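The next block holds one structure in the form of structure tokens; read it before the comments.
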Amino acid sequence: MAYLQTPAKCVEGAKFLHIHTLKASNLQGVFCALAIATSVSLPGCALHPQLPEVSTACGAAENLTKLSGNSLDQLQRLITASNTATIKAQQIRVAGYSSGGTSRTAAEILATHATQAAHTALAQAQQNFIAIKEGAVAAATMAGTQQAIADLENSEVKTVNLVEKANAIGGTAYLKIPPKLAPNRNGVCMADESTPQLLKGQPAQKQPNTNAVTLIRLKANKPGSSIGSHLTICGSSDNTGSPPSPTECDDNQDTNIGIVGGKFFTKETTTHSRNIQQDSSEYTSTPQTDTVPSDKTIKQQLAKIKALEVAAKQITTITSTEGLKAIAIGQEMKNKLARVLREDNPSYTHPETRRKVDDFIEEAFGADGSEVENTLTKDMADLKPPKAATDSNTERSLQDVIDPSELAAATTYYTVTCYITEQDQKKKNQANPSCPTKTEKAEEPKKTADECKKHTTAEDCKKETGCDF
């Protein structure tokens, strides 16, 4: 068994940290095993936006566009969390090496926690990337379809005024049936050239444990079934040049012929929902064989949105890098240390294990985490690495140093300077030892004559130190 002895500071006269009965070979295990997984909710947005009730194609497009954007925000959130945790880990190490000793030990352990948070975030991004990407693309595709519907829904056949039959079906004067498209002149779903049309009103009441997607679908407009109704030919005995209408059109007359116009399409609104508490739950469908988009198209796209929702549930929590003091003295830390310090009794509830863990925490992190708060946290806020340390042209507070190359340079700088200081201290300790060497050991007092006389042979006397013969 050996004592773990670490200089408290990289300065002369350093005190030492003594952790009783900790094997020196376990030091690396302390750093490697302390991957503290403190799960907390990561602030973020819900996938489905809270919007007023959808009743138009532009409203449906707005909802789906925001759904697509929110899904990509999931990846952005994980990337940001990983980057933040990586920077935090480096800043912690710089702060620890700038002080050395127990601060360095504490910094390495806490930096391990931050590094794990970074790895966790990246792992979650990698594991859920395909589902998030495909879900975002599906939502964006559906939004594009809704925008197309918004521009197509007012397309129509124009009305053609009554003309003489001879000019309608003979010679070179054929009666034409002109189509008309009516796209938004400001741009699809735009109120004006710079302002999008947005849903107005209070957010719709959401059903508990349910996600829903509302779509506008187009159906072919059926021609009317009465005289002068939409999308029909009008015959009249007179009224040349007049627009056809129920009052202008006659039964069994073809002296004059015209076209009664009308819209190409009619609209239909369908809402598709699923139970979000059951990962196997699929979005409901409403089969329509003569609509655009078709039920099969909608089903395929909603399946990808469902997979996106299931993936998003897996990334609602990640490890936290905040609250270093709380992490240092938290139960997760105690449990991890117990497994490292007492392999035979790796439970913090065991009295001897608890004593060793508490001793380690007090020495490494200070009573109630005071060393973390007073040294590491303070250094991260107050320490200003010299320009040489960050290889930059400006001197800034450590917490403002976030460039990876500058953090790497600062870590190298303080690691090297701390090592040099420790080596110098070691040489001084060897040159001026606090304990006497073997050559300086005090001589034993000579034995009294009576003590020497008790030996019966000269050989015994020769073996006895302190006797002169």
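Flag: Thr56 does not match the condition of being modelled with pLDDT of 90 or more, of a type in the set (Ser, Thr, Tyr) and over 27 Å from Ala143 (Cβ atoms). Which of the residues that make up the stretch 230-239 are at pLDDT 90 or above and either under 15 Å from Asn167 (Cβ atoms) or out of contact with any Ser or Thr (no Cβ under 6 Å at 6 or more places or on another chain) (or both)? Across the stretch 230-239, the qualifying residues are His230, Leu231, Thr232, Ile233, Cys234, Gly235, Ser236. Just a yes or no: is a residue in the stretch 385-393 in contact (Cβ under 8 Å) with a residue 40 or more places away in the chain and either over 33 Å from the mean Cα position of the chain (by Cα) or in a helix (DSSP H, G or I) (or both)? There is no residue in the stretch 385-393 that is in contact (Cβ under 8 Å) with a residue 40 or more places away in the chain and either over 33 Å from the mean Cα position of the chain (by Cα) or in a helix (DSSP H, G or I) (or both). Of all residues in the stretch 222-229, at least one satisfies being farther than 27 Å from Ile149 by Cβ and aliphatic (A, V, I, L, M).
Residue count for the stretch 183-209 under the criterion of being surrounded by fewer than 13 Cβ atoms within 10 Å (Cβ to Cβ) and either part of a strand (DSSP E or B) or on the phi < 0 side of the Ramachandran plot (or both): the result is 13.
Results for (1) under 30 Å from Thr145 (Cα atoms); (2) surrounded by 15 or more Cβ atoms within 10 Å (Cβ to Cβ), shown as yes or no for each residue.
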| position | (1), (2) |
| --- | --- |
| Ser245 | no, yes |
| His272 | yes, yes |
| Gln277 | yes, no |
| Pro287 | yes, no |
| Leu302 | yes, yes |
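Of the set (1) in a loop (DSSP other than H, G, I, E, B); (2) under 30 Å from Val157 (Cβ atoms), all apply to Thr284 but (2).
Only one residue in Ile305, Ile259 is touching a residue at least 24 places away in the same chain (Cβ under 8 Å) and not in a helix (DSSP H, G or I). Which one?
Step by step, each of Ile305, Ile259 is checked, and only Ile259 is touching a residue at least 24 places away in the same chain (Cβ under 8 Å) and not in a helix (DSSP H, G or I).
What number of residues within the stretch 148-160 are surrounded by fewer than 21 Cβ atoms within 10 Å (Cβ to Cβ) and part of a helix (DSSP H, G or I)?
3
Taking the condition surrounded by fewer than 23 Cβ atoms within 10 Å (Cβ to Cβ), out of contact with any Asp or Glu (no Cβ under 9 Å at 6 or more places or on another chain) and without any contact (Cβ under 8 Å) to a residue 24 or more places away in the chain, does Ile79 pass? Taking the combined requirement at face value, the residue does not satisfy it.
Scanning the stretch 368-387 for residues that are more than 13 Å from Ala106 (Cα to Cα) and small (Gly, Ala, Ser) yields a count of 1.
Is it the case, given these coordinates, that Pro246 is more than 28 Å from Thr286 (Cβ to Cβ) and either modelled with pLDDT under 95 or not in a strand (DSSP E or B) (or both)? Show your work before the answer.
On the way: more than 28 Å from Thr286 (Cβ to Cβ): yes; either modelled with pLDDT under 95 or not in a strand (DSSP E or B) (or both): yes.
So Pro246 fits the description; yes.
The values are calculated or read from the model by the stated rules, or taken from the named source; none is laboratory data. Predicted model, so just to flag it, every value in this text is computed and none were measured. Using ideal geometry, Cβ is built from the backbone for each residue, glycine included, and neighbour counts are taken over all protein chains shown.
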